[in-house]
Amino acid sequence: MTLDPKRLARDAKRVQATRPAGGIGRETTGVTRAVRDGLPMIRQLRDSGITWAAIAAAMSAQGVTQGAGRPLTASRLTAIVGQVEAQLRRQAEQATARRARADLAALQPPRTSDTAAPAPIAPIPPASSPAPDTTAHASEEAIRRAGLDALHKLLKKA
Amino acid sequence: MPRILLVAQDKGGSGKTVLVRALAECLPTARLIEIEAGRRLVELDDRLSFFPVRAERGEIDRTGGQAARAEFDGVLNAMAAAEGPVIVDVGANTAGSLLPLIREAGGRYGRRGITFALLVVVTSEPGALANAPTLLDLAAPFAAARFAVENQVEGPVDPAALKALGKGVTLTRLERLSLDARANELLQKGGLRFIGEDLAGAEDNLITQFGFAEAGRIVEDLTRFRAKAMAATAPAAAWLEG
């Protein structure tokens, strides 16, 4: 079977255009994307003493729901925040490691916009500590949140 | 009248956080304060205020000890702002420093109508066994009630040592339970909250995942463990409720 190159390019671009810009994993609902987009504000609200439950209720009021239109719960919100932060940390680590590779730096060809190479990702500082070394390993909190998220998924898996 | 229950044991690994979780189950409306190096009670985020300890060594050096003196300011302020029952998870190696500060401020807290109690976890581990009476003594001048939970996770505690805790201390026991390995894994990931809120409704999912027999053990073991932990903290929860 032969491929139609023009059709392939057209279809691939169409699919690409419908994918989320963040490119992190598979998103089955809009909650993860909403959390990622609103993460700085969510953290700012938490730092000012607003409870997770209040933030979840406010997000639900804007249509960010879980499952079949059910209001977003505080525990679900914190699980997703932990997951998104862990993803961002991993991305930052990978980007740092990629930049540090001498072999890639020497071989890297000049890029054009058509090659669609991933844009450099700025390192995301940890939420609570400014020490740069802490980005190298997952924090206790991130590990616990990932475990809690895995548990929620297990309990809801049919 | 806000009541604050301090849950303490300066030796790590004594099961203190399990008992904090059990208290949170007994009193679903209580707020929680966690004083730890890192957040542990992530499943209770909607009820929790977290205060990291301890002050950075570099900061202490730079400020000539001021940072060390101020490191509990956030905790002391949060307790002063209490409006209802509050459970405080005092992290390992922290109670010995925090309790004297509360004692010093005891009169000022009293004028705000705030009363304190202390719950200490006792295990047969020598460090935990030695620390328990020290903390109970530290709290005696300001605590309206004092509780001790004998956690038999490392075996039964010497009865003489328990008796030496004093007559004014309400003592309860958390027996060692053998949990199904998978149940223990879920417990480590989710604490006690999901057992009360989600487990019964998820039994069919667990059966699909692990089979009928193991799912049954998981549900039974976790439910039993939660009930035992809540029973061990019941007197303290009753005090907290007022």
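The values are calculated or read from the model by the stated rules, or taken from the named source; none is laboratory data. Just so it is clear, the structure is predicted and the values come from calculations on it, not from any experiment. We place every Cβ from the backbone using ideal geometry, glycine too, and count neighbours over all the protein chains shown.
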Checking B:L222, B:L187, B:L177, B:L240 in turn, the sole residue that is at pLDDT 95 or above and either part of a loop (DSSP other than H, G, I, E, B) or in contact with a strand residue (DSSP E or B) (Cβ under 6 Å, 6 or more places away or on another chain) (or both) turns out to be B:L240
Checked against (1) out of contact with any Leu (no Cβ under 7 Å at 6 or more places or on another chain); (2) away from chain A (no Cβ under 14 Å); (3) crowded, with 16+ Cβ neighbours inside 10 Å; (4) not basic (K, R), B:A160 satisfies every condition except (3)
Can you spot a residue in the stretch B:222-241 that is surrounded by fewer than 15 Cβ atoms within 10 Å (Cβ to Cβ), farther than 30 Å from B:A139 by Cβ and free of Cβ contacts under 8 Å to residues at least 12 places away in the same chain?
no
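Hand me the list of helices (runs of 4 or more DSSP H) wholly inside the stretch B:84-146 holding 1 or more residues that are within 17 Å of the chain's Cα centre (by Cα), farther than 20 Å from B:A30 by Cα and not acidic (D, E). If you could, list the steps in order and put the result at the bottom.
Values: elements: B:95-104, B:106-111, B:126-139.
By residue number, B:95-104, B:126-139.
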Practice prompt. Confirm whether B:G166 is within 11 Å of chain A (Cβ to nearest Cβ) and closer than 21 Å to B:V7 by Cα.
Written response: no
Of the residues in the stretch B:31-81 that are within 14 Å of chain A (Cβ to nearest Cβ), in a loop (DSSP other than H, G, I, E, B) and more than 27 Å from B:L186 (Cα to Cα), the one that is modelled with the highest pLDDT is B:A81
Flagged in the stretch B:1-21 as surrounded by fewer than 24 Cβ atoms within 10 Å (Cβ to Cβ) and among the aliphatic types (A, V, I, L, M), in numbering order, are B:M1, B:V18
Cβ pairs under 6 Å, 6+ apart or interchain, first in the stretch B:8-33 and over 12 Å from B:L240 (Cα atoms), second in a helix (DSSP H, G or I) and hydroxyl-bearing (S, T, Y), ordered by first then second residue, are B:L19/B:T233; B:A22/B:T233
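Which is more than 18 Å from the chain's Cα centre (by Cα) and at pLDDT 95 or above, of B:V157, B:V149? Spell out the reasoning first.
Values: B:V149 fails: more than 18 Å from the chain's Cα centre (by Cα).
Residue meeting the stated conditions: B:V157.
When the residues of the stretch B:179-193 are narrowed to those that are closer than 16 Å to B:V20 by Cα and either surrounded by fewer than 19 Cβ atoms within 10 Å (Cβ to Cβ) or facing chain A (nearest Cβ under 10 Å) (or both), which ends up nearest to the chain's Cα centre (by Cα)?
So the first thing to find is which residues in the stretch B:179-193 are closer than 16 Å to B:V20 by Cα, and the list is B:187-193.
Retained after the next criterion (residues that are either surrounded by fewer than 19 Cβ atoms within 10 Å (Cβ to Cβ) or facing chain A (nearest Cβ under 10 Å) (or both)): B:187-191, B:193.
Working: B:L187: 16, B:Q188: 15, B:K189: 17, B:G190: 16, B:G191: 12, B:R193: 14 Å.
For the stretch B:179-193, the residue satisfying everything is B:G191.
On the given criteria, is A:R76 within 22 Å of B:L41 (Cα to Cα), within 11 Å of chain B (Cβ to nearest Cβ) and in contact with a strand residue (DSSP E or B) (Cβ under 7 Å, 6 or more places away or on another chain)?
Yes: the conditions hold for A:R76.
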